[in-house]
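Notes follow the structure.
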Amino acid sequence: MPSRTAAIVGIGQTAYAKALPATAWELAMEAVLAACADAGVDVAEVDGMCRFTAPFEPVSEAMLVRGLGIPELSFFAQAPHGGEALGAVVMQAAAAVSADLASTVVVYRALSQSRGGRFGRADGRGPGGAGGADPGADVVVPEQDNLSFAWPYGLMSPGQLFALWARRYAAVHGLRDEDLTRALGTIAITQRQYANRNPNAMMRDRKLDWDDYRGARMISEPLRLFDLCLENDGACAFVVTTADRARALREDPVWVLSATQTVSPYREPMGIYTGGELLELFPSAAAERLFEQAGVSRADVDVAEFYDATSYMPLRSLESYGFVPDGQAWRYVTEQGTGPDSPLPVNTHGGHLSEAYLHGMNGILEAVRQLRGTAANQVPDADVALVGAPAGSATILAR
Amino acid sequence: MAVVPGMTDLTAPYWDAAREGRLVVQECRSCRQVWHPPLPRCPHCHAADPGWRPVSGEGAVYTYTVVRHATHYAFAGQIPYVLAIVELAEGPRLVTALVGVGVGVEPGEPDGPGEVRVGLPVRVVFREVADGVTLPYFEPVAGRAPKDGGPPATP
């Protein structure tokens, strides 16, 4: 996909909260309408949609077309693997407008975890629907993506999975427990500080200091409570269109320089990762492709919004996207940080840890605000932003 | 109650062997590569109809986490439990849980000689978790008897 042939011209979102009265369907519609209004396009002009599939996706494009009275979509696509869909939906939308399959593509994500599935709650309503009406009955794990080789042992959430990764990282690079705690805690506390200045953030009014961080209960060692993301209700949407239309619509379109998705053996997101080196978040070829297609270097990136189901993921993403050498991110984060004055501000909205959990879509919205110069924690003169999910599903955006 | 594996024609031989107290992995009949979890063909030479071979059941902890918050009600009574990926002496890795290791009452505080760490030598032990369903677990090679009164290990 050629660089700068597609642009994000509108962003929209709902409030984020632990529980909202609206259903996921209504939240999705609210976010899509807001994104279209921000773009200055009539929702009836939308002719393409890209969305996430499982887990937690009850809102189909058909529901939105019906609900919003959109005449017809000429292009629609879904991307699987939860947060790994993040770069894929951008890629699909940009490719669609570049190839003239559609001119105005809406990408959206709505969650209503207060009504549906959550990873962190032991009620059996998690992804995959493990657990039935009778809590006393055995749960049979469907033989799909090798989950039947993991779930019977109680490996059922991304938090547990990333705890395994973090422990391996610490062992391979010779970190003491304290080294890892300092690095992960720096990320969690820094993101909370960003959130404290972000009016959209769920944790806007909740401070987090080192005593709170260290004193919190362990969830899955070495990850503590504040190393894990929020679970919530809310929705995000954005509008992707062609270069010509983008220039006609607004003075400050945000250009898609590149977008990637990837899958490789034993790297299926939420899979069981029994092959290769567990430290590899994704094949390094995916990151090279991302930067090559974008035509920018690491040094050109002014701000990064890294997918953070846990605090370990931004830490390792600094290495896997090539900003810091392998094995050095823990030291880099501890010494330089990820705050406003650091070499690369990370998750300037507060991320999933402290703004809200929207499968990375709120990271894309934050990148757009940064590149428009309208972010609550504005990085001065931000020209280029990277938004990246853990397994190489990412996008580089620029103003 | 328990969370039990769904079985297919592809995966049933693994669980059937576990029920008999044997740990097996797939092996290519042509190029002799081994792997886990099961696949319909050899991923190396693409030969069809892979066979199964017993493995020693010896290995080392590749990574682990002590889970202290249950994310499913089936595990609420087992907190804390130790998830691990074990690398078998023969190469393949598998997701499992460790038994007979001290996990401490507080994070990082060992309560016995079996303190878990990356690289810890372990060996397989089998436990029936539901009627007719046996899972391979691992315990330290210089291990001790589990103290949680769980299902007995098969010799």
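The values are calculated or read from the model by the stated rules, or taken from the named source; none is laboratory data. As the structure is a computational prediction, the values presented were derived from the model and not from experiment. Cβ sites come from the backbone with ideal geometry, for glycine too, and all protein chains shown count toward neighbours.
Odds and ends about this structure:
- Filter result (more than 18 Å from the chain's Cα centre (by Cα) and hydrophobic (A, V, I, L, M, F, W, C)) within the stretch A:195-211: A:Leu208, A:Trp210
- In the stretch A:383-399, the residues that are modelled with pLDDT under 95 form Cβ pairs under 6 Å with partners that are among the basic types (Lys, Arg), at six or more places apart or across chains, as follows: A:Ala391/A:Arg267.
- Search result, residues across the stretch A:230-262 that are of a type outside the set (Phe, Trp, Tyr), closer than 19 Å to A:Tyr16 by Cα and buried (at least 24 other Cβ atoms within 10 Å of the Cβ): A:Asp233, A:Gly234, A:Ala235, A:Cys236, A:Ala237
- Within the stretch A:55-65, the presence of at least one residue that is surrounded by fewer than 19 Cβ atoms within 10 Å (Cβ to Cβ), at negative phi and touching an Asp or Glu at 6+ places or on another chain (Cβ under 9 Å) is confirmed.
- Matching residues in the stretch B:1-16 - criterion: being at the interface with another protein chain (Cβ under 7 Å from one of its Cβ atoms) and either surrounded by fewer than 21 Cβ atoms within 10 Å (Cβ to Cβ) or at pLDDT 95 or above (or both): B:Met1, B:Ala2, B:Gly6, B:Met7, B:Thr8, B:Thr11
- Hits in the stretch A:368-397 (condition: hydroxyl-bearing (Ser, Thr, Tyr) and not in a loop (DSSP other than H, G, I, E, B)): A:Thr395
- Scanning the stretch A:151-187 for residues that are hydrophobic (A, V, I, L, M, F, W, C), farther than 28 Å from B:Val133 by Cβ and assigned to a loop (DSSP other than H, G, I, E, B) gives a single hit, A:Leu175.
- Residues in the stretch B:75-86 that are facing chain A (nearest Cβ under 9 Å) and not aliphatic (A, V, I, L, M) were compared, and the one that is surrounded by the most Cβ atoms within 10 Å (Cβ to Cβ) is B:Phe75.
- Flag for A:Ala382 being farther than 22 Å from A:Leu180 by Cβ, surrounded by 24 or more Cβ atoms within 10 Å (Cβ to Cβ) and of a type in the set (Gly, Ala, Ser): no
- Per-region count, the stretch A:51-81, residues touching a residue at least 60 places away in the same chain (Cβ under 8 Å) and not in a loop (DSSP other than H, G, I, E, B): 2
- One residue from B:Gly100, B:Gly51, B:Gly57 being closer than 24 Å to A:Trp151 by Cβ and at pLDDT 95 or above: B:Gly57
- In the stretch B:17-43, of all residues being within 14 Å of chain A (Cβ to nearest Cβ) and farther than 13 Å from B:Pro92 by Cβ, the one that is surrounded by the fewest Cβ atoms within 10 Å (Cβ to Cβ) corresponds to B:Pro40.
- Output for the stretch A:6-40, where each listed residue is assigned to a loop (DSSP other than H, G, I, E, B) and surrounded by fewer than 17 Cβ atoms within 10 Å (Cβ to Cβ): A:Ala15, A:Lys18, A:Ala19, A:Pro21, A:Thr23, A:Gly40
- Restricting the stretch A:194-213 to residues that are assigned to a helix (DSSP H, G or I), buried (at least 18 other Cβ atoms within 10 Å of the Cβ) and of a type outside the set (A, V, I, L, M) leaves a set whose member that is nearest to the other protein chains (Cβ to nearest Cβ) is A:Tyr213.
- Selection status of A:Val141, at pLDDT 95 or above and in contact with a helix residue (DSSP H, G or I) (Cβ under 6 Å, 6 or more places away or on another chain): no
- Qualifying residue in the stretch B:52-74 (condition: at the interface with chain A (Cβ under 10 Å from one of its Cβ atoms), hydrophobic (A, V, I, L, M, F, W, C) and over 30 Å from A:Leu223 (Cβ atoms)): no
- B:Thr96 outside any loop (DSSP other than H, G, I, E, B), farther than 27 Å from B:Asp131 by Cα and within 9 Å of chain A (Cβ to nearest Cβ): no
- Tally of residues being more than 14 Å from chain B (Cβ to nearest Cβ) and either in a helix (DSSP H, G or I) or charged (D, E, K, R) (or both) across the stretch A:214-234: 1
- So A:Leu365, is it out of contact with any Asp or Glu (no Cβ under 8 Å at 6 or more places or on another chain), outside any loop (DSSP other than H, G, I, E, B) and under 22 Å from A:Arg197 (Cα atoms): yes
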